[in-house]
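Data first, discussion second: the structure below is written as structure tokens.
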Amino acid sequence: MVDSLPSAVLFCCTMNSIRSPMAEGILKRFHGNRIYVDSAGVRAGGYIDGFVVEVMEEIGIDLSGHRCKVFDELEDDSFDVIVSLSPKAQHRAVEMTRFMSCEVLFWNTFDASLIDGNREVRLNAYRAVRDDLMRKILARFPVARAPSG
């Protein structure tokens with residue numbers, strides 16, 4: 001299973017400030033030495049969301065240095081898999097890969113910034129997105145288990 005991992009994966013969402021940086025950080029944590037991982041947005045998001053930095057730090061992933069970027073700023077467009085996390089990003093990914101041999105996945109992922117409430121309510125929404133992405137990423141890009149016994 002791990003032998004069939006792609007060599008390059010792109011995660012994309014609307015502004016590259018919440019969902020796709022989370023996904024990029026998670027995949028890099030588990031396969032950063034085996035897979036080239038990047039992320040982009042359909043439009044510029046400015047800065048990474050502070051709640052993202054906080055909930056990712058809870059699981060040992062530092063995204064404080066993430067720089068939000070759009071598709072046109074990607075250094076490379078040779079991806080084996082593109083995972084879209086919002087409808088706008090899915091549309092852009094399909095457009096981008098029209099003449100490419102590339103697997104395009106659509107994981108419609110909730111935008112946690114839409115949640116109102118106190119700090120803890122909002123953090124819980126971001127944690128739910130993080131945990132959902134973690135499950136999907138580990139299912140699609142499994143980590144090799146050490147042989148038992």
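Taken together, the values in this text are just the output of simple stated rules run on the coordinates, not laboratory data. Everything numeric here is computed off the predicted structure, so don't read it as measured data. Every residue, glycine as well, gets a Cβ built from its backbone with ideal geometry; the counts of neighbours run over all protein chains shown.
At-a-glance table
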| quantity | calculated |
| --- | --- |
| Kyte-Doolittle mean at least -1.0, axial Cα span of 24 Å or more - DSSP H helices of the chain | 119-140 |
| Inter-site label distance for Asn33 and Asp62 at 7 Å from Cα along Cβ, in nm | 1.9 |
| FRET efficiency estimate (nearest 0.05) - Cβ-Cβ, Glu75 to Arg43, R0 22 angstrom | 0.70 |
| Reachable lysines from Lys69, criterion Cα separation under 19 angstrom, eight or more residues apart if same chain | Lys28, Lys88 |
| Mean residue ellipticity (222 nm) of the chain, computed from DSSP H runs ≥ 4 via -39,500 (n - 2.57), nearest 500 | -11500 deg cm²/dmol |
| Convex hull projection area averaged over all views, the range 92-149, Cα basis, nm² | 6.8 |
| Cut-off under 5 Å, modelled amide H: who pairs with Val37 long-range | Val9 |
